[in-house]
Amino acid sequence: MRFAEKRVVVLGGTTGIGLAAAQAFKAEGARVAITGRNDAALARVAADFGVLAVRSDMGSVADSQAAAARIAGQLGGIDVLFVNAGVGGFAPIPAVTERFWDDIHNVNLRGAFFAIQAALPHLTDGGNIVITGSIGSVLALSGNVVYAAAKAGLRAVARTLAIELLPRRIRVNLVSPGPTDTEIFKRGASADEVERMRAAMKDAVPMRRMGEPAEVARAVLFLASDDASFITGVDLFVDGGCVEL
């Protein structure tokens, strides 16, 4: 019960790592709010797990500002902010369009920054921010230039935030997953394509398997807890050894 009565906000909490983290925070006593873009998914998670669910598109600064104010008003403030919402997409360099670049960066970098900025006035001094990064920010993968650039930028944002928020005793850390079995790599793909991608990802991981959302969520909770009280500015790879080995 490390988070008993703590007010936790998960941006992007309807599926995958965000949902697993929201469930884990709730199980450890937190009062949890989640955001997402899908009304049906928000309603389902709210009913199943008893969390506050607020519709918000992290690509919209106005949405993020409104969501932060509404959540803080209902919870009475924010103690932990987990910035998880994001979009994916692969394209080789010659195929990258301005629209594709902007769509990815508008959510993963620009949107994430302004969502954090919107939450800061409501965040308790001594609180925590955890951000979902990616091993793509440090590993070169063909076709990943746009997503990787956004996550590398987000890594720089997190480290700067960690410095600027030291006077408020707010710790800022990233969790960077490796290949993880979530919906993000399945969207728009056939069952055969999903299985081929899953097999390729397993082969690329030294542990020869994909990660599970709950495994990444456990790292998120660690960094957000007092167990990590002397840790700020880190990028924790939860990747089965992809970066380290």
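Bear in mind that the values in this text are calculations on the coordinates, not laboratory data. Keep in mind that this is a model prediction, so the values were computed, not measured. Counting neighbours? That spans all protein chains shown, and the Cβs are built from the backbone with ideal geometry, glycine included.
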Worksheet item: What shape does the stretch 1-86 have by the C-alpha gyration tensor, where a ≥ b ≥ c are the square roots of the eigenvalues, rounded means a/c under 1.5, and otherwise prolate means a/b greater than b/c and oblate the rest?
Response: oblate
Worksheet item: Can you give me the relative contact order of the stretch 7-238 as a percent, contacts being Cα pairs under 8 Å and 6 or more apart?
Response: 21
Practice prompt. Classify the stretch 145-184 as rounded, prolate or oblate, taking a ≥ b ≥ c as the square roots of the eigenvalues of its Cα gyration tensor: rounded when a/c is under 1.5, otherwise prolate if a/b is larger than b/c and oblate if not.
Written response: oblate
Response to the item:
Extension length gain for residue 183 and residue 96 (0.36 nm per residue less Cα distance), in nm, is 29.0 nm
Worksheet item: Which part of the stretch 65-106 falls in the paramagnetic zone of residue 194, meaning amide N under 20 Å from the point 7 Å along Cα-to-beta-carbon?
Response: 86-90
Worksheet item: Expressed in whole Å with the largest first, what are the equivalent ellipsoid semi-axes of the stretch 106-211 derived from the C-alpha gyration tensor as the square root of 5 times each eigenvalue?
Response: 31, 14, 13
Discussion item. Once you keep just the Cα pairs under 8 angstrom separated by 6 or more residues, what percentage relative contact order results for the stretch 109-215?
Written reply: 27
Item to complete: Let me know the charge dipole size of the stretch 61-155 about its Cα centre in debye, to the nearest 20, where only the beta-carbon of Lys, Arg (+1) and Asp, Glu (-1) is charged.
Response: 120
Item to complete: Please report, in debye to the nearest 20, how large the charge dipole of the chain is about its Cα centre when each Lys and Arg carries +1 at its beta carbon and each Asp and Glu carries -1 there.
Response: 280
Discussion item. Counting other beta carbons within 10 Å of each residue's own, what order do 71, 131 fall into, fewest first?
Written reply: 71, 131
Practice prompt. Enter the mean projected area of the convex hull around the alpha-carbon atoms of the chain, in nm², rounded to one decimal.
Written response: 12.8
